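See below for the structure under consideration.
None of the figures in this text is laboratory data; all of them are computed from the coordinates on show. Everything quoted here is computed from the prediction, not taken from an experiment. Glycine also receives a Cβ, built like all others from the backbone with ideal geometry; neighbour counts cover every protein chain displayed.
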Amino acid sequence: MDSKADLVSTAGRLTRSFREIRPWYPRDYLCLFDSLALTLYLYRHDIRSRLIFGVREDPFAAHCWVQCCGVVLNEHIDRTHLYTPIMAV
């Protein structure tokens, strides 16, 4: 990749592609499953991303999403702000 902007643009394009083919796998949405699948999909296209795990306190909830260069790919940014990141892999 030439630059961070190119990397993020390519990751965004691939994420949209992933969303288009996701309905062909008939399974309900689960943030962990979908985020792992997207991470693998991106990896197979030479895009290194990070799987972010977050929690919130009251009421307790856990959630995960995928980021590339600090840009959230598969979740609305407003929703990720409800969680405190506790791990990134």
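For the chain, modelled as a GNM whose springs connect Cα atoms under 10 angstrom apart, the maximal fluctuation among ASP46, ASP34, ASP58 occurs at ASP58. Once you divide the Cα radius of gyration of the chain by 2.2 N^0.38 Å, the number left is 1.09. Here is the list for the chain: chymotrypsin sites (Phe, Trp or Tyr not before Pro) lying in DSSP coil, each with at most 12 other C-beta atoms within 10 angstrom of its C-beta, are TYR29, PHE60.
Subtracting the Cα-Cα distance of ILE21 and PHE33 from 0.36 nm times their residue separation leaves 2.8 nm of extension gain. With 0.36 nm allotted per residue and the present C-alpha distance subtracted, the ILE77-LYS4 stretch has 24.4 nm of extension available.
Among the trypsin sites (Lys or Arg not before Pro) in the chain, those placed in a DSSP loop whose Cβ has at most 15 other Cβ atoms within 10 Å are ARG27, ARG44, ARG48.
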